[in-house]
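The values are calculated or read from the model by the stated rules, or taken from the named source; none is laboratory data. Nothing here was measured: the structure is a model prediction, and the numbers come from that model. Quick reminder, even Gly has a Cβ in these numbers, built from the backbone with ideal geometry, and neighbours come from all protein chains shown. Each accessible area value is taken on the protein alone, full model and side chains, heavy atoms only, with ligands, DNA and RNA left out. Shrake-Rupley method; radii C 1.70, N 1.55, O 1.52, S 1.80 Å.
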Amino acid sequence: MKPDHILVRFGELTTKGKNRKLFIRKLLKNTKEILHDYSALEYELTYDRLYIYLNEENAEEVTDKLKTIFGIHNFSLCYKVEHDLEKAKEVVTYIIDHDEGNTFKIDTKRHDKSYPKTSIEMNKEIAGYVFHHTTKELSVDVHNPDILVRVEYRKDAIYIMDNMIPGAGGYPVGIGGKALLMLSGGIDSPVAGYLTMKRGVDIECIHYASPPYTNEMAREKVLDLVNVLKDYTHGSIKVHIVPFTDLQLSVYDHCDESYAMTVMRRMMYRIAEGVAKKNDCLAIVNGESIGQVASQTMQSLAATNEVCTLPVFRPVIGFDKQEIVDVSLKIDTYETSIQPYEDCCTIFVAKHPVTKPNIKVIKRSEEKLQEEIDEMVKKAIDTAETLWVE
């Protein structure tokens, strides 16, 4: 016995009032793109639900994909049977026999009031059948059952739904515009990208490469992280790889060592803003968290923000390290992030980096580079390698 369709529930999208249709249609579009390999699937969109008809496609594979789609609150595998309560009882028993757990609850809703039995009577009758025909030792738990089976008696048929499977939540990716993610290759920035997409914002990524100090493996590590993140969007992510060696060496040649990291970060922000504007991104996103390192104190963040006109979003700003790690484990980026390939921020680390940079001192340091700054930033933007991870 196989489920014939999947019922998708929208959750937070239902609060969107006049914009509701826009959000739901975007979710449908993203869902079709993520499930494009399953050509037999058919879709039916209603006011508050999406029905996906499997047509013999692999239900387990489809549900694994659905778990990654932002905008889906939860979903259930469903069975549709004719108006025959005996057949419905058989399906319910099959579901309970094949689900894990030993407590269950039947929740019946009678949308077609012409049916003579009440919901309570149907619950009792179905549960009684289950007890007499199951292969498991079972008991009823109406408060916290292992298995919750929903039965809806509608005008056209009886619909039977298995346990709710949690979705990714949030809003459909792309409904909130696009941002540029500063992706270092560490643990924090992929998590920041994931959380940004969860709020409906599409992302492009920028990565700063400093060969020969950073190697090809560091680049591949970043692309592997993007490959994981793309599973949460609608198919592909654009990546901009910026040649950063010359600019980085120039900074460290001309600036006091304690201020070099701050000046370098300001250069990175200038480049990110240029790439963002060139690609119609509305904001810059990164994985900075208050106080985690010297460049992430309040004073340091203010100093780097000072060169930007675009908003800078920091989704993990209030997370501690373990909270960030927990999300990275959940989204399967952790093992890639901890691979020992250095990025441009770790190859030249000052022994005593300033934690409370003075903006006047920073600007005096940059005056030594002033003739070169605009040219180097423009060159970095113009020579960035752009590729798609699909």
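Before moving on, here are some points about what is shown:
- Per-residue ³J(HN,Hα) for segment 167-181, Karplus 6.51 cos²θ - 1.76 cosθ + 1.60, θ = phi - 60°, Hz, x for Gly and Pro: x, 7, x, x, 10, x, 4, x, 6, x, x, 9, 10, 9, 8
- Residue pairs, from the table Lys29/Lys198; Lys16/Lys65; Lys29/Lys67; Lys87/Lys124; Lys16/Lys230, whose Cα atoms sit over 18 Å apart: Lys16/Lys65; Lys16/Lys230
- Stretch gain in nm, segment Thr383-Thr15, where the contour uses 0.36 nm per residue and the Cα spacing is subtracted: 128.1 nm
- 222 nm mean residue ellipticity, helices alone, for the chain (DSSP H n ≥ 4; -39,500 (n - 2.57); rounded to 500): -12000 deg cm²/dmol
- Förster radius 45 Å - calculated FRET efficiency between Asp146 and Gln339, Cβ distance, rounded to 0.05: 0.70
- Remark: segment 16-90 carries a charge dipole of roughly 880 debye about the Cα centre, counting +1 on each Lys and Arg Cβ and -1 on each Asp and Glu Cβ.
- Heavy-atom accessible surface of the chain: percent carbon and sulfur, 1.4 Å: 50
- The calculated FRET efficiency for Asp374 paired with Thr309, based on their beta-carbon distance and R0 = 22 Å, is about 0.90.
- Considering only the chain, percent of DSSP beta bridges that pair antiparallel, nearest 5: 55
- Heavy-atom surface of the chain, accessible at 1.4 Å and reported per residue (Å²): 48
- Normalised contact order of the chain, rounded percent, pairs of Cα under 8 Å and 6 or more residues apart: 17
- Spin-label model distance (nm) - Lys117 vs Ala302, 7 Å beyond Cα toward Cβ: 7.0
- Local electrostatic count at Asn55 - Lys and Arg +1, Asp and Glu -1, tallied over other residues with Cβ under 13 Å: -3
- Annotation note: GluC sites (Glu not before Pro) in segment 1-109 located in DSSP loop regions with a Cβ neighbour count of at most 14 within 10 Å are Glu56, Glu82, Glu100.
- Segment 33-92-segment 239-303 distance, computed between alpha-carbon centres (Å): 45
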